[in-house]
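In what follows, a single structure is set out as structure tokens and then discussed.
The values are calculated or read from the model by the stated rules, or taken from the named source; none is laboratory data. These numbers come from a predicted model, not from an experiment. Note that each Cβ is placed from the backbone with ideal geometry, even for glycine, and that neighbours are counted across all protein chains shown. Please note that ligands, DNA and RNA were not included when accessible areas were found on the heavy atoms of the full protein model with its side chains. Shrake-Rupley method; radii C 1.70, N 1.55, O 1.52, S 1.80 Å.
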Amino acid sequence: MRVLRHPATWIAVAVVFGVAMYLFQPWRLFTTVEVNEPLPEVAVASSTGATPAPATVPRAVSPAPAPEVLRSGRFVTHEHRTSGVARVLRLADGRRVLRIEGLATSDGPDLRVWLSDQPVTDSWRNFDDGRYLELGDLKGNKGDANYPIPADADLDSLTSVSIWCKRFSVSFGAAALTAGTR
């Protein structure tokens, strides 16, 4: 084992180890990021027929109707054990939001939330084969979170959601989004 005594060998081993630690971030298997965002709400000014109040006086505000569930589905496990529910909601003001509730998955490097046109199967390999819309970084690997959906997103063709690890091109878990509530 004379080779391991050479300083250049130890430097190479240290560099390889450092790169592996950066890429794989194995400590994330033992970390949890919990997020508990409330259901999105839109406040609506009350219409009492009275003259509008001056800007310095707060207006009466009533809660908006509950969001409409356009599509929903349950997560299935792919590369990492994943569970929870995904719902596409339309808020009273017309905005759409992907709400993930009760999510439980592994923490990982570079996790994203994707709407995809790919079917949900037992395989995690197909989600980057077709069209997808990235809604942003996964806010937490446990709990409830909201992800705004752009107004021009075609929800008729984006029929699934994936927790996607961009660094390794794998789906941690996914849900097929079907019309109606679940």
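Below are the figures for this structure:
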| quantity | calculated |
| --- | --- |
| Hits in the stretch 140-157 (condition: over 18 Å from GLY94 (Cβ atoms) and open to solvent by less than 50 Å² (accessible area, probe 1.4 Å)) | GLY140, ASN141, GLY143, ASP144, ALA145, SER157 |
| Residue match in the stretch 119-137 (condition: within 16 Å of VAL69 (Cβ to Cβ), open to solvent by less than 20 Å² (accessible area, probe 1.4 Å) and free of Cβ contacts under 8 Å to residues at least 60 places away in the same chain) | no |
| Residue in the stretch 169-182 that is nearest to THR77 (Cα to Cα), counting only those that are out of contact with any His (no Cβ under 9 Å at 6 or more places or on another chain) and touching a residue at least 60 places away in the same chain (Cβ under 8 Å) | ALA175 |
| Residue count for the stretch 150-182, restricted to those that are of a type in the set (Val, Ile, Thr) and within 11 Å of the chain's Cα centre (by Cα) | 2 |
| Test for SER169: is it in contact with an Asp or Glu (Cβ under 7 Å, 6 or more places away or on another chain), hydroxyl-bearing (Ser, Thr, Tyr), more than 26 Å from GLU41 (Cβ to Cβ) and surrounded by fewer than 21 Cβ atoms within 10 Å (Cβ to Cβ) | yes |
| Qualifying residue in the stretch 139-152 (condition: without any contact (Cβ under 8 Å) to a residue 40 or more places away in the chain and over 18 Å from LEU70 (Cβ atoms)) | no |
